[in-house]
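Sharing a structure here in structure tokens format.
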Amino acid sequence: MDTNRLAELLYPNITTLPADMEARYPARVLPEGAKVTRFAPSPTGFLHIGNLYGAFTDERLAHTSGGIFYLRIEDTDAKRTVPNGIQIIIETLAKLGVVFDEGAVIDGDKGDYGPYRQSERAEIYQTYAKQLIREGKAYPCFCTEEELASIRERQEAEKLNPGYYGEFAVWRDAPIEKIEEKLNLGIPFVLRFRSEGNLNNKHKFRDEIKGEIDVTENDIDHVILKSDGIPTYHFAHAVDDHLMGTTHVIRDESWLSTLPFHIQLFKALGFKMPKYCHTAQVLKLDNGNKRKISKRKDPEAALTYYHSQGYPVAAVREYLMTLLNSNFEEWRLANPEAPIEEFKFTTKKMSVSGSLFDLDKLNDVSKNVISRLTAEEVYEYTLAWAKENDIEFANILESDKEYAVRILAIGRGGKKPRKDIALWSEVKNYMSFFYDSLFARTDSIPESFESDDIKAVLKDFADTYDENVEQNDWFANIKAIAERNGFCPDMKQYKASPESYKGSVADVSMFLRIAVTGRMNSPDLYEVMRILGRERVLARVNSLLLF
Ligand code: GLU
């Protein structure tokens with residue numbers, strides 16, 4: 001077969017050679033050991049928590065080695081592409097603190113190795129494909145959908161491996177005349193890779209996460225260019241990662257099954273292979289069983305969830321790091337204040353079998369992160385969140401910044417800061433009783449107390465409240481109110497003979513707390529009252545006296 005002639009027949013418009021491409025994209029000049037990684041999503045408009053898991057790994061490996069982290073858009077499947085898919089990817093990741101050094105940007109490219117959208121690289125792929133044809137390593141296949149379906153049916157009936165191989169690879173050795181005949185009729189073709197692999201050949205392969213794995217050779221003549229000349233994932237992966245100088249391919253472990261084909265492609269194309277890091281799936285517990293986090297069932301599968309719920313970026317990063325590297329938590333305990341970038345990230349500490357994602361744990365991490373922020377910072381983050389998600393609350397916050405910051409300062413600072421906020425979306429509820437427009441009583445005083453006793457206590461408080469006293473004097477007054485109204489001022493004494501009293505000083509505080517905040521639980525009541533101010537405190541206490 002005259003393969004040169006075949007190459008011209010199939011791709012007459014391609015005049016470039018691989019050498020031209022190699023010259024167009026010279027090897028990167030980077031410090032020794034620098035890693036080049038890429039995040040390579042399809043622009044489907046949806047990013048999964050697993051994508052973030054991969055993107056963080058890419059980012060850390062590149063940036064802890066003085067390397068480059070770039071964004072490549074894998075848009076070869078038009079059916080999976082949504083119009084603003086790229087914008088969604090860039091913006092969603094940026095909101096989670098993932099920023100690229102190079103690659104696709106919303107309206108173009110940044111960097112010397114573009115275009116970074118695969119749909120714009122047809123000439124590059126076809127240049128290499130044409131070379132494979134010249135070398136007898138690729139050939140056209142004119143099978144129709146029906147023909148392929150009937151091959152599949154036969155394989156199923158005879159319990160054979162599915163795929164285009166051996167006797168089923170009907171165009172593999174077709175004479176050039178037959179090919180020309182089809183071409184003359186304008187029949188579309190796909191380009192297939194001529195596999196020399198054999199299922200009986202197995203060898204070892206080193207994955208940077210999984211360690212040494214067994215690989216069985218591929219014997220299927222997979223498609224490398226579709227009938228429109230656009231490559232499949234496999235071919236684009238080999239060509240792009242070679243030309244763009246990727247040193248480490250971090251991708252989901254579901255790609256392991258096609259790794260044997262990728263190994264063949266790199267070899268056939270004469271490319272040096274990158275290192276592979278196949279990441280484990282992100283799992284969750286569901287009724288005690290581990291399963292994959294699912295886009296369909298779990299809202300936390302979508303990356304947009306974290307931003308819309310108002311998780312601080314630092315918390316998501318921090319938590320994800322505990323999932324990514326098994327020694328991160330230990331490091332964090334030893335270095336509570338250190339910036340996360342100082343942690344020595346490594347693929348050696350990544351899970352091989354699956355990473356269990358636990359939303360409760362993320363919430364705890366988030367509470368810790370928020371507890372360490374200043375009131376002013378909490379205000380700014382909450383306001384930014386509210387501007388996007390709850391404009392009414394944003395307006396309230398902005399109407400009196402100083403007041404809001406005073407509220408958020410309660411229990412902040414010091415050795416044991418309060419840890420009751422996990423999400424920016426929770427702040428409104430946390431603060432609501434400080435604002436008359438948001439105030440609502442959610443708890444009421446238990447019915448076991450006599451209404452007259454409650455009123456007597458509240459009235460006594462209203463008559464004796466002095467907003468200018470120190471906390472100790474304020475509490476001494478609460479005790480005095482308790483005593484005057486038949487409630488025990490001392491908890492020890494009360495526990496010794498509860499039957500002698502209507503209740504204790506704790507009950508008196510509870511009446512006041514519910515009167516003033518509408519809740520059983522609140523931050524320190526003395527602080528709360530000082531911030532609310534005399535007028536509001538008394539108005540709320542008095543409103544309970546009316547019933
Ligand atoms: N486009 C592929 C995906 O979205 C990328 C896999 C890879 O990183 O190589 O799954």
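The values are calculated or read from the model by the stated rules, or taken from the named source; none is laboratory data. Predicted, not measured: the structure shown is a model, and the values here were computed from it. Cβ placement follows ideal geometry from the backbone for every residue including glycine, while neighbour counts extend to all protein chains displayed.
Within segment 401-428, can you find the residues that are without any contact (Cβ under 8 Å) to a residue 24 or more places away in the chain and surrounded by 13 or more Cβ atoms within 10 Å (Cβ to Cβ)?
K401
How about segment 262-291: which of its residues are part of a helix (DSSP H, G or I) and touching a Ser or Thr at 6+ places or on another chain (Cβ under 8 Å)?
Q264
Search segment 3-24 for residues that are closer than 21 Å to F189 by Cα and pair each with any residue that is among the acidic types (D, E) and at pLDDT 95 or above when their beta-carbon atoms are under 8 Å apart and the residues are at least 6 apart or on different chains.
T3/E135; L9/E180; I14/E123
For segment 487-517, give me the residue count where each residue is under 14 Å from F461 (Cα atoms), among the small types (G, A, S) and touching an Asp or Glu at 6+ places or on another chain (Cβ under 9 Å).
Total meeting the criteria: 0.
Okay, moving on. Among the residues of segment 94-102, is there at least one that is of a type in the set (G, A, S), farther than 27 Å from T347 by Cα and not in a strand (DSSP E or B)?
Checking segment 94-102: not a single residue is of a type in the set (G, A, S), farther than 27 Å from T347 by Cα and not in a strand (DSSP E or B).
From E253, E217, E212, E181, which residue is among the charged types (D, E, K, R), within 13 Å of the ligand (Cβ to nearest atom) and over 26 Å from R28 (Cα atoms)?
E253
Related question: Please go through segment 1-32 and give me each residue that is among the aromatic types (F, W, Y) and more than 30 Å from E177 (Cβ to Cβ), ordered by number.
Y25
Quick one: in segment 220-243, which of the residues that are aliphatic (A, V, I, L, M) and within 12 Å of the ligand (Cβ to nearest atom) is nearest to A104 (Cα to Cα)?
A236
Identify all residues within segment 153-175 that are surrounded by 15 or more Cβ atoms within 10 Å (Cβ to Cβ) and either in contact with a strand residue (DSSP E or B) (Cβ under 9 Å, 6 or more places away or on another chain) or among the β-branched types (V, I, T) (or both); write none if there are none.
Y164, A169, W171, R172, A174
Right, next: Within 19 Å of T76 (Cβ to Cβ), crowded, with 19+ Cβ neighbours inside 10 Å, β-branched (V, I, T) and within 13 Å of the ligand (Cβ to nearest atom) - does that describe any residue in segment 256-277?
So far as segment 256-277 goes, no, none of its residues is within 19 Å of T76 (Cβ to Cβ), crowded, with 19+ Cβ neighbours inside 10 Å, β-branched (V, I, T) and within 13 Å of the ligand (Cβ to nearest atom).
How many residues does segment 61-85 hold that are of a type in the set (S, T, Y) and closer than 15 Å to T37 by Cβ?
Of the residues in that region, 3 qualify.
Here is a further query. Sort out which residues of segment 43-57 are within 12 Å of the ligand (Cβ to nearest atom), in a helix (DSSP H, G or I) and touching a Lys or Arg at 6+ places or on another chain (Cβ under 8 Å), and write them in order of number.
Listed by number, the list holds a single entry, G54.
Listed here are the residues, each with its yes/no results for (1) of a type in the set (A, V, I, L, M); (2) touching a strand residue (DSSP E or B) at 6+ places or on another chain (Cβ under 7 Å); (3) on the phi > 0 side of the Ramachandran plot; (4) touching a residue at least 12 places away in the same chain (Cβ under 8 Å).
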| site | (1), (2), (3), (4) |
| --- | --- |
| T464 | no, no, no, yes |
| I481 | yes, no, no, yes |
| S504 | no, yes, no, yes |
| S509 | no, no, no, yes |
| Y526 | no, no, no, yes |
| L538 | yes, no, no, yes |
| L545 | yes, no, no, yes |
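Follow-up question, since we're still on this one. What are the residues in segment 1-42 that are more than 24 Å from G54 (Cβ to Cβ) and of a type in the set (D, E, K, R), if any?
D2, R5, E8, D20, E22, R24, E32
To continue, here is another question. Of everything in segment 211-225 that's over 13 Å from F142 (Cα atoms) and among the hydrophobic types (A, V, I, L, M, F, W, C), which residue is nearest to the chain's Cα centre (by Cα)?
Ranking the qualifying residues of segment 211-225, first place goes to I213.
Filter the helices (runs of 4 or more DSSP H) completely within segment 105-193 down to those with at least 3 residues that are among the small types (G, A, S).
Fully inside segment 105-193 and qualifying: 145-157.
So that you can scan it fast, the table gives a plain yes or no per residue for (1) on the phi < 0 side of the Ramachandran plot; (2) in contact with a helix residue (DSSP H, G or I) (Cβ under 6 Å, 6 or more places away or on another chain); (3) without any contact (Cβ under 8 Å) to a residue 40 or more places away in the chain:
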site: F100; (1), (2), (3): yes, no, no
site: K110; (1), (2), (3): yes, no, yes
site: P115; (1), (2), (3): yes, no, yes
site: Y125; (1), (2), (3): yes, yes, no
site: E135; (1), (2), (3): yes, no, no
site: C141; (1), (2), (3): yes, no, no
site: T144; (1), (2), (3): yes, no, yes
site: A157; (1), (2), (3): yes, no, yes
site: G163; (1), (2), (3): no, no, no
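Would it be correct to say that P140 is buried (at least 21 other Cβ atoms within 10 Å of the Cβ) and over 30 Å from A315 (Cβ atoms)?
yes
Limited to segment 306-337, what total is found for residues that are at positive phi and either assigned to a helix (DSSP H, G or I) or without any contact (Cβ under 8 Å) to a residue 40 or more places away in the chain (or both)?
Count: 0.
Inside segment 495-547, counting only helices (runs of 4 or more DSSP H) that do not spill past its ends, which hold 3 or more residues that are within 23 Å of E447 (Cα to Cα)?
Per the criteria, 505-517, 534-545.
Follow-up. Please determine whether any residue of segment 33-42 is more than 30 Å from E181 (Cα to Cα), in contact with a strand residue (DSSP E or B) (Cβ under 9 Å, 6 or more places away or on another chain), away from the ligand (no atom under 16 Å from the Cβ) and in a loop (DSSP other than H, G, I, E, B).
Scanning segment 33-42 turns up at least one residue that is more than 30 Å from E181 (Cα to Cα), in contact with a strand residue (DSSP E or B) (Cβ under 9 Å, 6 or more places away or on another chain), away from the ligand (no atom under 16 Å from the Cβ) and in a loop (DSSP other than H, G, I, E, B).
Ok, one more. If I ask for residues that are in contact with a strand residue (DSSP E or B) (Cβ under 9 Å, 6 or more places away or on another chain), farther than 12 Å from Y128 by Cα and either of a type in the set (A, V, I, L, M, F, W, C) or surrounded by 22 or more Cβ atoms within 10 Å (Cβ to Cβ) (or both), which ones from segment 222-244 would you list?
V223, H237, D241, M244 - these are the residues of segment 222-244 that are in contact with a strand residue (DSSP E or B) (Cβ under 9 Å, 6 or more places away or on another chain), farther than 12 Å from Y128 by Cα and either of a type in the set (A, V, I, L, M, F, W, C) or surrounded by 22 or more Cβ atoms within 10 Å (Cβ to Cβ) (or both).
In this structure, is K459 farther than 20 Å from M529 by Cα, assigned to a helix (DSSP H, G or I) and of a type in the set (K, R)?
For K459, the condition - farther than 20 Å from M529 by Cα, assigned to a helix (DSSP H, G or I) and of a type in the set (K, R) - is not met.
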